[in-house]
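The values are calculated or read from the model by the stated rules, or taken from the named source; none is laboratory data. Owing to the predicted nature of the structure, the values given are computational and were not obtained by experimental measurement. Positions of Cβ are generated from backbone atoms using ideal geometry, with glycine treated the same way; all protein chains shown enter the neighbour counts. Only protein heavy atoms, including side chains, enter the accessible area calculation; ligands, DNA and RNA are left aside. Shrake-Rupley method; radii C 1.70, N 1.55, O 1.52, S 1.80 Å.
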Amino acid sequence: MRFRHLWVAVLSCALILSCNAIPAGAVEMQSSDTPILRVTERVNQSIAGNSIVSLDYWVSLDAGDTLGFNCTYTPRRASVDFGYIDSDSVFHYLNCTNGNFDKLFEVARLGQYKLAIRNNEDYAVTVTGTVKY
């Protein structure tokens with residue numbers, strides 16, 4: 001009986017001491033009134049020779065926001081530009097000639113943007129994959 005009381009006392013002390021050994025800290029959260037929305041859309045688009053296609057709508061992005069492509073296209077040897085059009089109608093792009101494009105673009109300023117793909121060849125190309133903004 002005495003051994004049982006001693007065992008209960010030892011276990012109680014171990015429990016009390018282990019609870020005190022758990023570190024605690026505070027985390028400061030940044031408050032933001034603007035929700036961050038991220039959209040991923042599928043692309044399955046045939047693009048005629050020497051033409052450009054874009055999303056049908058403008059998206060609002062802030063400086064530092066990203067938009068990007070994870071796409072493949074056929075024929076793989078084609079020259080295709082992937083990028084975005086800003087509110088001044090300037091096409092910002094990177095060229096691809098290997099059939100696979102997986103890049104992010106960071107916008108420099110607050111504004112309206114459209115994702116766009118340009119086919120630089122005389123023949124049609126088919127682009128499949130995803131776009132993110």
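Mind listing the phi-derived Karplus ³J(HN,Hα) values for the stretch 123-133, rounded to whole Hz, using 6.51, -1.76 and 1.60 with θ = phi - 60°, and x for any glycine or proline? Ordered by residue, 3J(HN,Hα) equals 10, 6, 10, 10, 10, 10, x, 10, 10, 10, 8 Hz. A Cβ-based charge dipole, computed about the Cα centre of the stretch 38-133 with Lys and Arg at +1 and Asp and Glu at -1, lands at about 260 debye.
In the complete set of protein chains, residue-level accessible area for Arg76 is approximately 140 Å², probe 1.4 angstrom.
Before anything else, pin down the relative contact order of the stretch 55-133: Cα pairs under 8 Å, at least 6 apart, normalised by residue count, whole percent. Relative contact order of the stretch 55-133: 47 percent.
Would you mind counting up the charge near Val107? Only other residues with Cβ under 10 Å from its Cβ, with Lys and Arg at +1 and Asp and Glu at -1. The answer is -3. Normalising the Debye intensity of the stretch 88-133 to I(0), with uniform scatterers on Cα atoms only, and taking log10 at q = 0.18, 0.20, 0.25, 0.31 Å⁻¹ returns -0.70, -0.85, -1.23, -1.62. Using the 1.4 Å probe convention, the accessible area of the stretch 57-97 works out to 49 Å² per residue with neighbouring protein chains retained.
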